[in-house]
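A quick write-up on the structure given underneath.
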Amino acid sequence: MKISRLFVISGPSGAGKGTLVSLLRAKRPDLALSISATTRHPRSGEIDGKDYYFLTDDEFDDLIAQHGFVEWAHVHAHRYGTLQREVKRHLEGGHSLILEIDPQGAFQVKENVKDAVLIFITPPSPQILEERLRKRGTESERDIQIRLANMPGELEASKNYNVIIENDDLEKATQALLDAIASFEEKSE
Ligand code: ADP
Ligand code: 5GP
């Protein structure tokens, strides 16, 4: 029997998490994706309520005070958090749910949801990560430097993940992600 589970996907900025998650969901439209809240500004093309809920610092503080977050963390000089209402809504729907969040958030989730599966997306090399981040062209030089400086700590955290997937060839990495998710949906632990 297939079991609905919580899958947490992390990895350094530019590793390809967003790309892989959208390819994954094209093949598995039943997988729900939690939309996080953040205090960072929207990138060009990002839509409030679709990519993130873009909040002011005060709105984020209010949600913390109302216990509105499953987890939240300071990431790359901004705050990001998983909303209680998002997780509840999707899990009640009986589908597996994906959280694309950083390792600090991943370990907070794991504390509360023991059978959550932690999946880490790693780049083929730090050089390729930097190339991808620059080519994406969505961050200022200062923000790129912050994201690159955070990479070693994030890679270190990957040791405590259930699955590590190298995103070199996009098609192979998508298949590895699909296989990992399907295999954990068959297990009860
Ligand atoms: P993240 O969500 O982890 O920050 P993205 O999904 O935005 O990363 O990917 C960063 C950039 O790298 C994007 O421009 C994306 O198109 C590109 N990219 C992702 N995966 C690959 C890959 N396997 N090979 C080459 N480029 C990739
Ligand atoms: P970005 O600004 O590139 O969209 O995301 C930056 C980082 O924030 C990524 O590592 C992403 O996984 C993480 N992130 C996004 N949403 C959340 C969240 O709700 N909680 C936590 N802890 N991290 C998040």
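Here are the numbers for this structure:
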item: Check on Thr56, surrounded by 11 or more Cβ atoms within 10 Å (Cβ to Cβ), over 22 Å from Asp179 (Cβ atoms) and more than 10 Å from ligand 2 (Cβ to nearest atom); result: no
item: Output for region 65-83, where each listed residue is more than 14 Å from the chain's Cα centre (by Cα), open to solvent by 50 Å² or more (accessible area, probe 1.4 Å) and either among the β-branched types (Val, Ile, Thr) or within 17 Å of Asn112 (Cβ to Cβ) (or both); result: His67
item: When residues of region 149-161 are limited to those that are open to solvent by less than 90 Å² (accessible area, probe 1.4 Å) and more than 12 Å from ligand 1 (Cβ to nearest atom), the one nearest to Glu46 (Cα to Cα); result: Ala149
item: Residues that are open to solvent by 20 Å² or more (accessible area, probe 1.4 Å) and within 16 Å of ligand 1 (Cβ to nearest atom), drawn from region 1-23; result: Lys17, Gly18, Thr19, Ser22, Leu23
item: So Ala26, is it surrounded by fewer than 19 Cβ atoms within 10 Å (Cβ to Cβ) and either assigned to a strand (DSSP E or B) or at pLDDT 95 or above (or both); result: yes
item: Looking only at region 31-40, and only at residues there that are within 10 Å of ligand 2 (Cβ to nearest atom) and either hydrophobic (A, V, I, L, M, F, W, C) or open to solvent by 30 Å² or more (accessible area, probe 1.4 Å) (or both), the one that is farthest from Tyr161 (Cα to Cα); result: Ala37
item: Test for Lys50: is it in contact with a Ser or Thr (Cβ under 8 Å, 6 or more places away or on another chain) and of a type outside the set (Phe, Trp, Tyr); result: no
item: Criterion: over 25 Å from Ser44 (Cβ atoms) and touching a residue at least 60 places away in the same chain (Cβ under 8 Å) - qualifying residue of Lys114, Lys110, Lys88; result: Lys110
item: Close pairs from region 24-46: first over 22 Å from Gly81 (Cβ atoms), partner of a type outside the set (A, V, I, L, M, F, W, C) and away from ligand 1 (no atom under 13 Å from the Cβ), Cβ under 8 Å, at least 6 apart; result: Asp30/His95; Asp30/Ser96
item: Residue within region 162-176 that is outside any strand (DSSP E or B), crowded, with 16+ Cβ neighbours inside 10 Å, in contact with a helix residue (DSSP H, G or I) (Cβ under 7 Å, 6 or more places away or on another chain) and polar (S, T, N, Q) present; result: yes
item: Subset of region 109-131 that is in a helix (DSSP H, G or I) and open to solvent by less than 70 Å² (accessible area, probe 1.4 Å) - its residue that is farthest from ligand 1 (Cβ to nearest atom); result: Lys110
item: Leu83 being within 13 Å of ligand 2 (Cβ to nearest atom) and farther than 21 Å from Glu156 by Cβ; result: yes
item: Residues located in region 2-30, provided they are farther than 23 Å from Leu133 by Cα and within 16 Å of ligand 2 (Cβ to nearest atom); result: Leu6, Phe7
item: Test result for Leu91, more than 9 Å from ligand 2 (Cβ to nearest atom), under 25 Å from Gly14 (Cβ atoms) and surrounded by 14 or more Cβ atoms within 10 Å (Cβ to Cβ); result: no
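The values are calculated or read from the model by the stated rules, or taken from the named source; none is laboratory data. All values derive from a computational prediction rather than experimental measurement. Every residue, glycine as well, gets a Cβ built from its backbone with ideal geometry; the counts of neighbours run over all protein chains shown. Ligands, DNA and RNA are excluded from the accessible area calculation, which covers all protein heavy atoms including side chains. Shrake-Rupley method; radii C 1.70, N 1.55, O 1.52, S 1.80 Å.
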